[in-house]
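Written below as structure tokens is the structure these notes are about.
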Amino acid sequence: MVSMEIQMADLPELETPEAEGNIGRSLAWITVAAIGMIFTAGAIVGVIAAATEDGQALSLKAFAIIGALVAIIGALIYAQWNLARRIRIGGGPMTTREKLNRNIMVGCGLLGAVIGATLVATDGSIPSDPQTMFSDSPLPLALAVLLAVFWGVIMPVIAWFWHTRAIDEQEANAYRDGGYYAAYGYLMGAPTWWFLWRGGLLPEPNGTLIFCLFAIIWTAVWFWKKYR
Amino acid sequence: MQNRLRVLRAERQWSQAELGERLDVSRQAVNAIETRKYDPSLPLAFKIARLFGMSIEEIFNDGFDGDTNG
């Protein structure tokens, strides 16, 4: 035991804990850049829609604004590329599990983008009001069934595969903690909203918004626990 | 929990990715254990001990040095 204590006491202080392996900050900035790209793309659509509202051609000013916004998207893509390069350099190449994990995440992200684009296309317009992002307008039957099958049948299979093959115990632990926080947030938050609604202080509880908040809390805690 | 993982890895000149590959975990997991932000499960601790040819107690120390035998 004495020798053990000496060994532990001789441990050098960790010089730069984030120098290797910890890619949380870079990933967070990549996510922020991706969100920025979505909003900038939305701004471009908005500018084009406003400029051509009366059937007019795009003015020079509109072209300049769109050019600036495209430049912002270009800068954000460059930033993401640079951050991804930094992730690749730090801590060596990805392990087999990490590659599988990344591929599943990228695949899910692409599928999510396809679903989002399909829903926007079905609605016929880009929603200008954030409320319409949680639209409950009717969907064509075939599309509704297709989305329900994807979400209710295929997603559980992907999730099972992800949990059993792609993630390791540290990530599983982070995911579990995220689930606890989200579940408690739901158990405490939803009835609180319900009481306040019944007291006339808040609008009626919105199930979709509650679902989104649940997912956001879970994701945020998972990210913090995994990459802190 | 204190551990000697970083030192042992450095002695073998392994990157976090190499160690992660040998343990079948991510670089992030290796980093989290080395920086004491995550304590590995017992099965992973045994796996680490076997990889370095040591006992768990030679790698991990919970700071408890009392006599548990009364």
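The values are calculated or read from the model by the stated rules, or taken from the named source; none is laboratory data. Here the structure is a predicted model, which means the values were calculated and not measured. Backbone-built Cβ (ideal geometry, glycine too); neighbour counts: all protein chains shown. These area figures cover heavy atoms from the full protein model, side chains too; ligands, DNA and RNA do not enter into them. Shrake-Rupley method; radii C 1.70, N 1.55, O 1.52, S 1.80 Å.
For region B:16-31, indicate whether the set of residues that are assigned to a helix (DSSP H, G or I), open to solvent by 80 Å² or more (accessible area, probe 1.4 Å) and touching a residue at least 12 places away in the same chain (Cβ under 8 Å) is non-empty.
The answer is yes, given that some residue of region B:16-31 is assigned to a helix (DSSP H, G or I), open to solvent by 80 Å² or more (accessible area, probe 1.4 Å) and touching a residue at least 12 places away in the same chain (Cβ under 8 Å).
Tell me whether region A:117-133 contains one or more residues that are small (G, A, S) and either surrounded by 13 or more Cβ atoms within 10 Å (Cβ to Cβ) or modelled with pLDDT of 90 or more (or both).
No.
Just name the residue that is most open to solvent (accessible area, probe 1.4 Å) out of those in region B:32-50 that are under 10 Å from the mean Cα position of the chain (by Cα) and among the hydrophobic types (A, V, I, L, M, F, W, C).
Result: B:F46.
Answer with yes or no whether B:E57 is among the charged types (D, E, K, R), surrounded by 20 or more Cβ atoms within 10 Å (Cβ to Cβ) and facing chain A (nearest Cβ under 10 Å).
Working: among the charged types (D, E, K, R): yes; surrounded by 20 or more Cβ atoms within 10 Å (Cβ to Cβ): no; facing chain A (nearest Cβ under 10 Å): yes.
In short, no.
Does region A:195-207 hold any residues that are farther than 20 Å from A:Y180 by Cα and either without any contact (Cβ under 8 Å) to a residue 40 or more places away in the chain or open to solvent by 60 Å² or more (accessible area, probe 1.4 Å) (or both), and which are they?
Within region A:195-207, A:F195, A:L196, A:W197, A:R198, A:G199, A:G200, A:L201, A:L202, A:P203, A:E204, A:P205 meet the criteria.
Quick one: is A:I72 within 20 Å of A:A113 (Cβ to Cβ), touching a Ser or Thr at 6+ places or on another chain (Cβ under 9 Å) and either open to solvent by 60 Å² or more (accessible area, probe 1.4 Å) or outside the structural domain of A:A84 (by TED's automatic domain parsing) (or both)? Outline the logic, then answer.
Numbers: within 20 Å of A:A113 (Cβ to Cβ): yes; touching a Ser or Thr at 6+ places or on another chain (Cβ under 9 Å): yes; either open to solvent by 60 Å² or more (accessible area, probe 1.4 Å) or outside the structural domain of A:A84 (by TED's automatic domain parsing) (or both): yes.
For A:I72, the condition - within 20 Å of A:A113 (Cβ to Cβ), touching a Ser or Thr at 6+ places or on another chain (Cβ under 9 Å) and either open to solvent by 60 Å² or more (accessible area, probe 1.4 Å) or outside the structural domain of A:A84 (by TED's automatic domain parsing) (or both) - is met.
Show the residue pairs meeting these rules: Cβ distance below 6 Å; 6+ apart or different chains; first residue within region A:159-178 and of a type outside the set (F, W, Y); second residue open to solvent by 70 Å² or more (accessible area, probe 1.4 Å).
Matching pairs, first to second residue: A:G178/A:W218.
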